[in-house]
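Working notes, beginning with the structure itself.
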Amino acid sequence: MPVDQIPIGTFSRITRLSQKALRLYDERGLLVPAARDICTGYRYYTVAQAERGIHIRHLLWLGFCLPEVETILAARERGDAGTVRDLFARRLTATEREAGRLHAIAEILRMQDPLNGGFRMSVTEPAIKEIPALRVLTRRELGVYQETIPRLIGELCGCLFPADGRQPAAKVTGPIMFICHDEEYRETDADIEMAIPIVGPINLDGSRIEVQNLPGGRFVSVLYTGPYSGVGKAYERLFAYMGEHGLAPAGPSRELYLNDPAEVPEEELLTEVLFPVIALPASP
């Protein structure tokens, strides 16, 4: 065997890629052995190929999937820095999103209330409310909840409270609210609208923020206390109440955030969940 031919087992130890993975990369053309024994089919690699193998392992460790690894290596070979930068930027965004999710899970686990699903939370008894129409400053976009909601809130607050210290003419008349337009949970392309009730004139300066009138009407309401990640309990109670009282949803739900997560611990966060409702026809 030539000195520069490394058996697959040794190559596996050098690159820390399993032999099973190396066979797969051979089939995909990602890391093809430099030589193959005609009789046994045994694979042999070169020292130069070890660097590519180590690069593959590093990219996989960073969380790239195999097709992305193939794209990155091909882009590097042809000097396409833009493609590599875009893929790394997307991976960074996904990693930060996952880090935020894991941090939220860690905080919930610290609460150590296993009999209640890991949360300290409560939901009030549902109540029927007549809510007037509201004039709101609003911004609507498709996106991921954890990223899009705080960003849209920041845009709305930036419009109401300019960084240069100017006193805005419009006045806030109610809490920040999230309006959910989706009929099902969507992981990456949720239809998210954030709104703040206001009175008075406001200069939008050609921004994507709008002023709209939210319809009023009959709503069923519960007050939820606890981490935002557990707000599903409020919806569970609302739908049970609607079923018990012959009511049906008549529009998108609203979540009103009644205190600031920067000022209170998660278990003390207050969220009012509202659903517009109509009475179902009586059974014959």
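Of note:
- Residue match in segment 150-170 (condition: modelled with pLDDT under 90, under 26 Å from the mean Cα position of the chain (by Cα), in a loop (DSSP other than H, G, I, E, B) and not small (G, A, S)): no
- Some residue of segment 56-64 being among the charged types (D, E, K, R), free of Cβ contacts under 8 Å to residues at least 24 places away in the same chain and surrounded by 12 or more Cβ atoms within 10 Å (Cβ to Cβ): no
- Pairing residues of segment 174-203 that are over 13 Å from V144 (Cβ atoms) with residues that are aromatic (F, W, Y) and exposed (fewer than 13 other Cβ atoms within 10 Å of the Cβ), at Cβ distances under 9 Å and at least 6 apart in sequence or on separate chains, gives no pairs at all.
- Selected residue (criterion: surrounded by the most Cβ atoms within 10 Å (Cβ to Cβ)) from residues of segment 193-214 that are on the phi < 0 side of the Ramachandran plot, in a loop (DSSP other than H, G, I, E, B) and more than 27 Å from the chain's Cα centre (by Cα): I202
- Number of positions in segment 48-69 that are outside any helix (DSSP H, G or I) and either under 14 Å from S12 (Cα atoms) or among the hydrophobic types (A, V, I, L, M, F, W, C) (or both): 3
- Residues of segment 3-30 satisfying the condition of being touching a strand residue (DSSP E or B) at 6+ places or on another chain (Cβ under 8 Å) and assigned to a loop (DSSP other than H, G, I, E, B): Q5
- Complete set of residues in segment 243-269 that are surrounded by 19 or more Cβ atoms within 10 Å (Cβ to Cβ) and more than 26 Å from V172 (Cβ to Cβ): L247
- Of the residues making up segment 126-149, those that are in a loop (DSSP other than H, G, I, E, B) and either among the β-branched types (V, I, T) or not assigned by TED's automatic domain parsing to the domain that holds A195 (or both) number 1.
- Criterion violated by E187 - all others in (1) outside any helix (DSSP H, G or I); (2) surrounded by 12 or more Cβ atoms within 10 Å (Cβ to Cβ) satisfied: (2)
- Residue that is surrounded by the most Cβ atoms within 10 Å (Cβ to Cβ) [pool: residues in segment 82-98 that are under 21 Å from L31 (Cα atoms) and out of contact with any Lys or Arg (no Cβ under 8 Å at 6 or more places or on another chain)]: L87
- Single residue of E255, E236, E267, E263 found to be assigned by TED's automatic domain parsing to the domain that holds K129 and under 18 Å from I179 (Cβ atoms): E255
The values are calculated or read from the model by the stated rules, or taken from the named source; none is laboratory data. Since we're looking at a predicted model, the values are computed, not measured. Cβ coordinates were reconstructed from backbone atoms using ideal geometry, including for glycine residues, and neighbour counts include every protein chain displayed.
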